[in-house]
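S.K.: Pasting a structure here, questions to come.
The values are calculated or read from the model by the stated rules, or taken from the named source; none is laboratory data. The structure displayed is predicted, hence computed values, not measured ones. When we count neighbours, we look across all protein chains shown, and the Cβ atoms used for this are built from the backbone with ideal geometry, even at glycine. Protein only, heavy atoms only, side chains kept; ligands, DNA and RNA dropped before computing areas. Shrake-Rupley method; radii C 1.70, N 1.55, O 1.52, S 1.80 Å.
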Amino acid sequence: MQYTKKIIIDLPLEKTVEFMDSLENLKKWQEGLVEAKVIRGNFGEKGAKTELKYDFGKRKMTLIETILETDMPRLLIAEYTTKNVYNIQRNTFEATQDGKTIWTSESEFKFEGLAMKTFGFLIPGAFKKQSLKYMRDFKNFAENQ
């Protein structure tokens, strides 16, 4: 499954990326995130791995984020893995002439196991909705600092 989401943030590119490229800020805009811990390398740098623990009430999840490529402030490609789900996100950030930032996120999901393949096939909208929610939550967080 692949899809692209885009949002305009009412902040200059440099300020947007400053808020985005912060381990401490993750919990401020990612609902459900209870712990973010770097387990290899330096946060945000190519090759870095970060363990992200989420609690959504009855559902708990741990993701491992691996930075595959970074050319900030313009590009960040990261891989997210958890049991039976593999996701690559290609995030680009572009400055507008009026001092705003366009954040484009291209997501590709791959599923393993019958249950996850079925879930991904039947409910792709849930993944798209969650991606856009996190983008909107980041926008709200960053613009209100």
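S.K.: May I ask for the Kirkwood hydrodynamic radius of the chain, worked out over all distinct Cα pairs and given in angstroms to one decimal?
M.R.: Working: mean 1/r = 0.0631 Å⁻¹.
So the Kirkwood estimate lands at 15.8 Å.
S.K.: Using a 7 Å offset from the Cα along the Cα-to-Cβ direction at both TYR134 and THR96, what is the distance between the two label points in nm, to one decimal?
M.R.: In this crude spin-label approximation the distance works out to 2.4 nm.
S.K.: Taking θ = phi - 60°, what integer Hz values does the Karplus form 6.51 cos²θ - 1.76 cosθ + 1.60 yield along the range 4-12, in sequence order, with x for Gly and Pro?
M.R.: Once θ is set to phi - 60°, the couplings for the range 4-12 become 10, 10, 9, 8, 9, 10, 7, 8, x Hz.
S.K.: What pairs in LYS46/LYS128; LYS15/LYS110; LYS15/LYS83; LYS6/LYS58; LYS60/LYS100 have C-alpha atoms more than 28 Å from each other?
M.R.: Listed pairs above 28 Å: LYS15/LYS110; LYS15/LYS83; LYS6/LYS58; LYS60/LYS100.
S.K.: Before anything else, pin down the relative contact order of the chain: Cα pairs under 8 Å, at least 6 apart, normalised by residue count, whole percent.
M.R.: Relative CO of the chain lands at 28 percent.
S.K.: Express the carbon and sulfur contribution to the solvent-accessible surface of the chain as a percent, rounded to the nearest whole number, probe 1.4 angstrom. Please report the intermediate quantities before stating the final value.
M.R.: Details: 4350 of 8600 Å².
Roughly 51 percent, rounded to a whole number.
S.K.: Semi-axes, largest first, in whole Å: what does sqrt of 5 times each Cα gyration tensor eigenvalue give for the range 50-111?
M.R.: Numbers: eigenvalues 146, 37, 22 Å².
Working through the eigenvalues yields semi-axes of 27, 14, 10 Å.
S.K.: To the nearest 500 deg cm²/dmol, what mean residue ellipticity at 222 nm is calculated for the chain from DSSP H runs of n ≥ 4 alone, each contributing -39,500 (n - 2.57), summed and divided by the residues?
M.R.: Value at 222 nm, helices only, nearest 500: -8500 deg cm²/dmol.
S.K.: Hey, what angle do you get for helix 124-143 against the long axis of the chain, alpha-carbon based, 0 to 90 degrees rounded to 10?
M.R.: It is inclined by approximately 30 degrees.
S.K.: Residue by residue through the range 24-32, which ³J(HN,Hα) values in whole Hz follow from phi under the Karplus form 6.51 cos²θ - 1.76 cosθ + 1.60 (θ = phi - 60°), with glycine and proline marked x?
M.R.: Calculated HN-Hα couplings, in order: 5, 7, 3, 5, 6, 10, 9, 4, x Hz.
S.K.: At 1.4 Å probe radius, can you tell me the per residue accessible area of the chain in Å²?
M.R.: Per-residue value: 59 Å².
S.K.: Under 8 Å for C-alpha pairs, at least 6 residues apart: give me the relative contact order for the range 3-68, rounded to a whole percent.
M.R.: Result for the range 3-68 is 21 percent.
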